[in-house]
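Beneath this line is the structure, given in structure tokens, with notes to follow.
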Amino acid sequence: MFAPCAGQLLELAAVRPGERVLDVACGTGIVARGAAAKVGAAGSVVGTDLNEGMLEVAREVTAGRAGGIEWRAADAAALPLPDAAFDLVCCQQGLQYFPDQPLALREMHRVLAPGGRVVLGVWRAVGHQPVFATFVDALERHAGPEPASLMRRPFSGPDRDGLRKLLADAGFGGTLVRLGGFLARFASPGEFLRQQVASSPLEGPVGELDEGRREALRHHFDQAVEPWADDDGVVVPMQTWLVIASRQG
């Protein structure tokens, strides 16, 4: 799911050899790894995340690789990093989760060198994600409002105008907002459900459903995603905002 978005984000960033890159809310590090391949031995990459479990996976994936990435536990709103230390700050699908988005963006501005860039990936609202909208509807009907709310959260970020305002208020200029899109593929509707539940906070509330309600959820989703099914499974269209801005002066 995140690989195509990471590729588009890094393409927009135009990462150059020798640059110093920070990946905020790095998760398991897909953007940081892509950036490391581009900056080469002369550059450096730091990945930060609040979730130590994510960072442990990132460390395991990159163990023993040349051009190591520094992984650090950190709150995006209080980065334990010096001023003007990076040429590029990336944040893929993290902004929508930050309790204080303006403060997090001011922190990204602070750690950027003058002329440095910030690039953001932020999913569009769930209404622009037809398969996920269908999933949210199935959760609402068969698991209740709380699980449905959990699945809306990734798509609750600011829209284009909201992103422009947040960046301007944080001191950034030259903002460009681009609409990105790609198709993710899953082997079946059931595999889509399994992955979404296993990799999110849904595991608890969905796992607690009795077998009848779980079967009703599966059946509802199977029927509703038929327009996106083919002989190889289910195609999931995704839309994301891709944003680049610079620190002025």
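The values are calculated or read from the model by the stated rules, or taken from the named source; none is laboratory data. The shown structure was predicted, so the numbers you read here are calculated from the model rather than taken from an experiment. Note that each Cβ is placed from the backbone with ideal geometry, even for glycine, and that neighbours are counted across all protein chains shown.
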Task: Test result for PHE86, more than 30 Å from GLY212 (Cα to Cα), surrounded by 20 or more Cβ atoms within 10 Å (Cβ to Cβ) and among the aromatic types (Phe, Trp, Tyr) - done: yes
Open item on the list: Given the options ARG160, ARG185, ARG178, name the one that is closer than 28 Å to GLY53 by Cα and either in the same structural domain as LEU12 (by TED's automatic domain parsing) or out of contact with any helix residue (DSSP H, G or I) (no Cβ under 9 Å at 6 or more places or on another chain) (or both).
Closed with: ARG185
- [ ] Spot the failing condition for LEU79; the list is (1) surrounded by fewer than 18 Cβ atoms within 10 Å (Cβ to Cβ); (2) more than 23 Å from PRO201 (Cβ to Cβ); (3) without any contact (Cβ under 8 Å) to a residue 60 or more places away in the chain, and only one is missed.
- [x] (1)
Open item on the list: So, in region 194-214, how many residues would count as being over 30 Å from ASP231 (Cα atoms), surrounded by 14 or more Cβ atoms within 10 Å (Cβ to Cβ) and under 18 Å from the mean Cα position of the chain (by Cα)?
Closed with: 0
Open item on the list: Against the condition assigned by TED's automatic domain parsing to the domain that holds VAL177, of a type in the set (A, V, I, L, M) and buried (at least 21 other Cβ atoms within 10 Å of the Cβ), how does ALA63 come out, does it pass?
Closed with: no
